[in-house]
Amino acid sequence: MVIIMKIVNIFMLVLLTACSSLENKSEFIVLSVDSAGYDRKVGEFCSDFNLDKNEAQSFFERAQIISFKELHDNYSFLPCFVRGKAQFKKMMCDWEIRAGGTGEVVCGEEVYIYGCTDCNDILR
Amino acid sequence: MTVLQAGIIKDKNIMPRIFHSIEKGPLIKVNALVIHQTGASTAQHSFNSYMNGGNGAHLLIDKQGVIYQTAHLNKKTYHVGKIRSKCYEANVCSKSQLQAVTLILFKSGKSYPDRVSDLHKHEKRKNYPDRYPLNQDSIGIEIVGNYDKSKKIYESVSGMQNQSLRWLIGELFNHFKITKADIYRHPDVSYKTHSEASTAKW
């Protein structure tokens, strides 16, 4: 009986962890676009990069959570970004989308990296 | 002094650990070295990734400064990515070159990823050293170092790693007609995270 309870607890923990993961895209809601900017020198070719709330939402619906290695190997990390706030379940999160199709979401201590190969229509 | 034989650099300081899966055709001429950091905490992470093919570099320096050769030096690997415009970055373009590059980079209505792709295609047509090195004419050296997602920075290259890097570069100078001017950090060449290999010293 004790063993069965332990197995059930482990199962519930795994289930809860899966449900709280940001891969559950329907519960990730972009609340605001707060700023646009760039990392380095003035006159960056992408310095006019900007998104509205709907475009940012669309990015995160289409993008995949990726590892840092996948970001490094497969994407251009451009110096221009748009930042804002989002809600995931009851958590407030900060998001960032970069002009090269990469993104980042910070919810509390957790940092998620995103990549989108199907977002060129909004990255212009 | 090391011996280079059939693409393998033979020396007691270099451990051969070749992954054929990351070798993507012949490397006919070596014009440059590109210095990378792995974005992971151990050499094994890179080895695991190399086993699946895809991207990879020729040499890897682990946390203790041990050097592994992971691809033949006469074989191309995918390690550079899409290159920036060298003359544009250095502010030395001719008038016509500047016009061509700005036309690509500032093309209104075209997506930024597509502009980067178009710039790469434009630059590829040039000969080195008028452009940055490509996969087809460079050797990649990876230094094991993790990326801190919260602080948004690669960990610093250690003294042992830099010592190995200096020695390795010195040996590669003996085998290929390259100089210090032909050594690049990865983000200088391609659009990558700025801190990659920023603390590598040679």
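The values are calculated or read from the model by the stated rules, or taken from the named source; none is laboratory data. Everything numeric here is computed off the predicted structure, so don't read it as measured data. Here the Cβ is made from the backbone with ideal geometry for all residues, glycine too, and neighbour counts use every protein chain on show. Quick note on the areas: whole protein, heavy atoms, side chains included, nothing else; ligands and nucleic acids left out. Shrake-Rupley method; radii C 1.70, N 1.55, O 1.52, S 1.80 Å.
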| message | Could you tell me how many cubic angstrom of Cα convex hull volume the protein assembly as shown has per residue? | response | 157
| task | Grab the DSSP H runs of the protein assembly as shown that are 4 residues or longer, score each as -39,500 (n - 2.57), total them, divide by all residues and round the 222 nm result to the nearest 500 deg cm²/dmol. | result | -8500 deg cm²/dmol
| note | For region A:39-124, the percent of accessible surface on carbon and sulfur atoms (probe 1.4 angstrom, ligands and nucleic acids excluded) is 45
| Cα-based helix-to-principal-axis angle, B:159-175 vs chain B, degrees rounded to 10 | 80
| Mean accessible surface per residue for region B:54-147, computed with a 1.4 Å probe while every protein chain stays in place, in Å² | 41
| query | In angstroms, what radius of gyration and Dmax does region A:52-93 have, counting Cα atoms only? | reply | 12.3, 33
| query | Rounded to the nearest whole Å³, what is the per residue volume of the convex hull around the Cα atoms of region B:111-185? | reply | 125
| field | Solvent-accessible area per residue, Å², over region A:27-108 with all protein chains present [probe radius 1.4 Å] | value | 44
| query | How much of the accessible area of region B:68-141, in percent, comes from carbon and sulfur atoms when a 1.4 Å probe is used? | reply | 47
| Quick one: buried accessible area between B and A, total over both chains, 1.4 angstrom probe, nearest 100 Å²? | 2500
| said: How tilted is helix B:112-124 with respect to the longest principal axis of chain B? Cα atoms for both, answer in degrees (0 to 90, nearest 10). | reply: 80
| task | With a 1.4 Å probe on protein heavy atoms only, tell me which residues of region B:105-126 lose at least 10 Å² of accessible surface in the complex relative to the chain by itself. | result | B:LEU105, B:PHE106, B:GLY109, B:SER111, B:TYR112, B:PRO113, B:ASP114, B:ARG115, B:VAL116
| task | Quote the accessible area belonging to A:LEU31 in square angstrom, nearest 10, computed with a 1.4 Å probe and with ligands, DNA and RNA left uncounted. | result | 70
| Pairs B:LYS124/B:LYS149; B:LYS63/B:LYS149; B:LYS126/B:LYS151; B:LYS12/B:LYS152; B:LYS63/B:LYS192: which are spaced more than 28 Å apart, C-alpha to C-alpha? | B:LYS124/B:LYS149; B:LYS126/B:LYS151; B:LYS12/B:LYS152
| message | Could you put B:CYS93, A:CYS119 in order of accessible surface area, largest first, with the 1.4 Å probe and the full protein assembly present? | response | B:CYS93, A:CYS119
| remark: Looking at region A:69-91, residues buried by 40 Å² or more relative to their chain on its own, accessible surface at probe 1.4 Å, turn out to be A:LYS69, A:HIS72, A:ASP73, A:SER76, A:PHE77
| said: Restricting to DSSP loop positions (anything but H, G, I, E, B) with no more than 12 other Cβ atoms inside 10 Å of their own Cβ, which GluC sites (Glu not before Pro) remain in region A:20-96? | reply: A:GLU23
| task | Only bridges with both residues in chain B count here: give the DSSP antiparallel percent, nearest 5. | result | 40
| message | Could you report the accessible area of A:ASP73 in Å², rounded to 10, computed with a 1.4 Å probe on the protein chains as they sit in the structure? | response | 40
| Over the alpha carbons of region B:58-202, what is the largest minus smallest coordinate on each principal axis, giving the biggest first in Å? | 48, 41, 25
| query | Starting at 0 and stepping by 5 Å, how many percent of the alpha carbon pairs of region B:1-128 end up in each bin? | reply | 2, 9, 16, 18, 15, 12, 12, 9, 6, 2, 0
